[in-house]
Amino acid sequence: GLEVKRNLLARIAPHIRPDALLTTNTSGLPVAAIAEGLPQGLRRRWCGTHFFNPPRYMQLVEIIATPETDPAAVAAITRFANVHLGKSVVPANDRPNFIANRIGAFSLLNTIRVMQQQGLTIEEVDALTGKPLGWPKTGTFRLADMVGLDVLGSVVRNFAANTKDERSDLQLPGFLETMLEKKWLGDKTGQGFYKKELGAK
């Protein structure tokens with residue numbers, strides 16, 4: 001998390017050229033807090049990026065400036081993401097989970113709540129929440145498996161831990177906590193909401 005990123009930055013900071021731009025991909029860690037301890041000149045060339053999962057298919061990227069970030073650095077990274085990576089850029093404030101994960105975490109947890117109320121299956125929810133809504137064809141739970149249930153857990157916990165000034169009743173349902181304890185993290189472990197079986201048709 002936060003300390004891992006800070007430690008890595010401390011190790012590479014002495015080797016960064018004075019004109020280099022520096023960014024970190026994060027799903028919601030505070031971008032300014034990650035850069036604490038970096039030299040001021042480097043903090044002026046620092047911002048966050050949030051590529052949506054899976055990045056090779058998803059069009060959007062959030063770019064998160066801090067109060068210290070030079071607007072010219074943000075413009076350069078925005079131009080690079082748009083022109084060279086073919087991404088649609090959305091500027092986001094340095095708030096817990098930025099824009100997309102604030103909406104996404106609520107949406108997923110609300111979908112689970114409605115699913116349980118309506119007695120729907122995971123497959124039924126994915127059929128309803130994919131292409132019919134204009135969302136990725138994976139639907140809610142297949143996408144969660146691709147992203148990783150550990151990432152989802154981190155996003156929800158990050159929001160709860162960093163929104164003391166906001167009303168937040170987001171919390172993981174008990175069955176999802178159990179899945180995390182059992183390391184059913186989705187595609188990366190071969191089992192999440194769906195289970196991959198060799199030779200299955």
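A few remarks follow.
- Qualifying residues in region 113-159 (those that are under 22 Å from Lys183 (Cα atoms) and out of contact with any helix residue (DSSP H, G or I) (no Cβ under 7 Å at 6 or more places or on another chain)) - the one modelled with the lowest pLDDT: Asn158
- Condition met for Leu149 (buried (at least 16 other Cβ atoms within 10 Å of the Cβ) and closer than 19 Å to Pro55 by Cβ): yes
- Top-ranked residue in region 69-97 [being touching a residue at least 12 places away in the same chain (Cβ under 8 Å) and within 20 Å of Gln171 (Cβ to Cβ); ranked as most open to solvent (accessible area, probe 1.4 Å)]: Pro96
- Region 37-57 - residue that is touching a strand residue (DSSP E or B) at 6+ places or on another chain (Cβ under 7 Å) and within 18 Å of Ala81 (Cα to Cα) and, of those, surrounded by the fewest Cβ atoms within 10 Å (Cβ to Cβ): Phe51
- Yes/no for Phe159 being closer than 18 Å to Lys195 by Cβ, touching a residue at least 24 places away in the same chain (Cβ under 8 Å) and under 16 Å from the mean Cα position of the chain (by Cα): no
Yes/no per residue for (1) within 22 Å of the chain's Cα centre (by Cα); (2) part of a loop (DSSP other than H, G, I, E, B); (3) more than 26 Å from Asp150 (Cα to Cα):
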site: Ile12; (1), (2), (3): no, no, yes
site: Arg17; (1), (2), (3): no, yes, yes
site: Ser27; (1), (2), (3): yes, yes, no
site: Cys47; (1), (2), (3): yes, no, no
site: Asn53; (1), (2), (3): yes, yes, no
site: Ile64; (1), (2), (3): yes, no, no
site: Ile77; (1), (2), (3): yes, no, yes
site: Ala81; (1), (2), (3): yes, no, yes
site: Asn101; (1), (2), (3): yes, no, no
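- When region 58-68 is filtered for residues that are under 20 Å from Trp135 (Cβ atoms) and buried (at least 20 other Cβ atoms within 10 Å of the Cβ), the ones remaining, listed by number, are Val61, Glu62.
- Residue identified as under 27 Å from Gly153 (Cβ atoms), hydrophobic (A, V, I, L, M, F, W, C) and in a helix (DSSP H, G or I) among Val4, Val90: Val4
- Unmet requirement for Lys137, which otherwise passes all of (1) surrounded by 13 or more Cβ atoms within 10 Å (Cβ to Cβ); (2) part of a loop (DSSP other than H, G, I, E, B): (1)
- Any hit, region 177-184, residues being at pLDDT 95 or above, crowded, with 18+ Cβ neighbours inside 10 Å and assigned to a helix (DSSP H, G or I): yes
- Residue, most open to solvent (accessible area, probe 1.4 Å), within region 6-36, restricted to residues that are among the small types (Gly, Ala, Ser) and without any contact (Cβ under 8 Å) to a residue 40 or more places away in the chain: Ala10
The values are calculated or read from the model by the stated rules, or taken from the named source; none is laboratory data. Owing to the predicted nature of the structure, the values given are computational and were not obtained by experimental measurement. Glycine also receives a Cβ, built like all others from the backbone with ideal geometry; neighbour counts cover every protein chain displayed. These accessible areas exclude ligands, DNA and RNA; they are computed on the full protein's heavy atoms, side chains included. Shrake-Rupley method; radii C 1.70, N 1.55, O 1.52, S 1.80 Å.
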